[in-house]
Amino acid sequence: MCILKSFRGGFSLQPIQVDEIPEEIREFLKKLDSIKFPRQGYTSNVAIIRNHQGSFALKRTKGDWYCSLLKKEVSVLNCLTKETKLLITKVKLFVEQKQNRQCWALFEYIQGETVRIALKDEKNKETRQETIFNFGKFLADIHSTPCPNELIHNKNWLGQMISQARNNLINNEVDGTKELLEKVEKNKPDNYKQTLIHGDYTIDNVLVFNREITGVIDWGSGAYGDPRYDVSLAIRPKPNVFEKEIEKQIFFEGYGENIIDDKIYEYFVNGLYEFF
């Protein structure tokens, strides 16, 4: 098997080999000029492919759970592409290989680097603040976008998430424990008006170019849900990002208001999120 030349500047090699790519996707892409591997998450392998048509993002998942997340992401993106004007990638192809318990999705490539990378070594105060402000503003744009009917279900989102957390604890590797799940179930916050949410709005899933947000990736948890969940995940402190209170304040200026308190933050970030 062969691997196309990879560009290692800030990227790590991942085990997607050209011969593994489904025939349908290779036929669509034709001749591949290059492939590179961005920072990887825990749920998939990702490659950025360039050919004569332009650039594409290829994602591969393995196993029933992760494949279900990718299928959900493709479904959410197709729905949002048809019914909203959000800056999101379009799905070009989706291939399920049931015999190998693998799924593949080819997306249009969105220019930019993650907010985490953009801010990691950024020293310019104005640039940092504008990026963080836009990070918050873009989340407000998502939450103010009418949720497509296809994504609205009768069941309460938080109740569904707790049920899924219970299932994940039993069937998948998660950071949460039985004792923590009991606390999550017992200390549910009051209901809040549901909106369209991303479900994993973090500095690793939002792309920025020249301080402007260019798009959001990883929509596998997109839903009609509690916007406080998105806000809580967005401001989690990471090395050199959101470690200072002023940066959280700037985020909320961009968002337009602060809809969480410390108790809500703890419930979602150090409680429910531990099971996903």
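Mind putting a number on the dipole of segment 46-101 about its Cα centre? Charges go on the C-beta only, +1 for Lys and Arg and -1 for Asp and Glu, and I need it in Debye to the nearest 20.
Approximately 100 debye in magnitude.
Check Ser55: other-chain or 5+ apart residues with amide H under 5 Å from its amide H, H built from backbone geometry?
Answer set, sorted by chain and number: Tyr109.
From the backbone phi of segment 28-33, what are the Karplus-calculated ³J(HN,Hα) couplings (6.51 cos²θ - 1.76 cosθ + 1.60, θ = phi - 60°) in whole Hz, Gly and Pro given as x?
Calculated HN-Hα couplings, in order: 5, 6, 6, 7, 9, 8 Hz.
Based on the mean of other beta carbon atoms within 10 Å per residue, what is the order of 183-195, 105-117, 131-143, most packed first?
131-143, 105-117, 183-195
Can you pick out the pairs among Lys82/Lys188; Lys72/Lys137; Lys30/Lys82 whose Cα atoms lie more than 29 Å from each other?
Table pairs above 29 Å Cα-Cα are Lys82/Lys188.
Please sort 238-246, 198-206 by packing, taking for each peptide the average over its residues of neighbouring beta carbons within 10 angstrom, highest first.
198-206, 238-246
Could you give each residue of segment 166-176 its phi-based ³J(HN,Hα) in whole Hz, using Karplus coefficients 6.51, -1.76, 1.60 with θ = phi - 60°, and x for Gly or Pro?
5, 5, 5, 4, 7, 10, 9, 7, 9, 7, x
Please give the FRET efficiency for Lys98 paired with Lys178, using the beta carbon to beta carbon distance and R0 = 30 Å, rounded to the nearest 0.05.
That gives a FRET efficiency of 0.35.
Fully extended, how many nm does the chain gain between Ile170 and Glu150 (0.36 nm per residue separation, minus their Cα-Cα distance)?
4.3 nm
What's the magnitude of the charge dipole for the chain around its Cα centre, counting Lys and Arg as +1 and Asp and Glu as -1 at the beta-carbon? Answer in Debye, nearest 20.
So the dipole magnitude of the chain works out to roughly 640 debye.
Taking θ = phi - 60°, what integer Hz values does the Karplus form 6.51 cos²θ - 1.76 cosθ + 1.60 yield along segment 69-85, in sequence order, with x for Gly and Pro?
Per residue, the Karplus-derived 3J(HN,Hα) values read 5, 5, 4, 5, 4, 4, 5, 5, 4, 4, 5, 5, 4, 6, 10, 9, 10 Hz.
On the first, second and third principal axes, largest extent first, how far apart are the outermost C-alpha atoms of the chain in Å?
For the chain, the Cα spread along each principal axis is 53, 46, 35 Å.
Using packing as a proxy for protection, rank 257-263, 208-214 so that the peptide with the highest average count of other Cβ atoms within 10 Å comes first.
208-214, 257-263
Report the Stokes-Einstein translational diffusion coefficient (µm² s⁻¹, integer) for segment 18-108, Rh taken as the Kirkwood radius over Cα pairs, at 25 °C with viscosity 0.890 mPa s.
Reported coefficient: 180 µm²/s.
Along the Cα→Cβ direction, 7 angstrom out, place labels at Glu126 and Lys244. What is the inter-label distance in nm?
The answer from the label model is 1.6 nm.
We did not get these values from a lab; they are worked out from the coordinates using the rules stated. Quantities reported herein were computed from a predicted structural model and do not represent experimental measurements. When we count neighbours, we look across all protein chains shown, and the Cβ atoms used for this are built from the backbone with ideal geometry, even at glycine.
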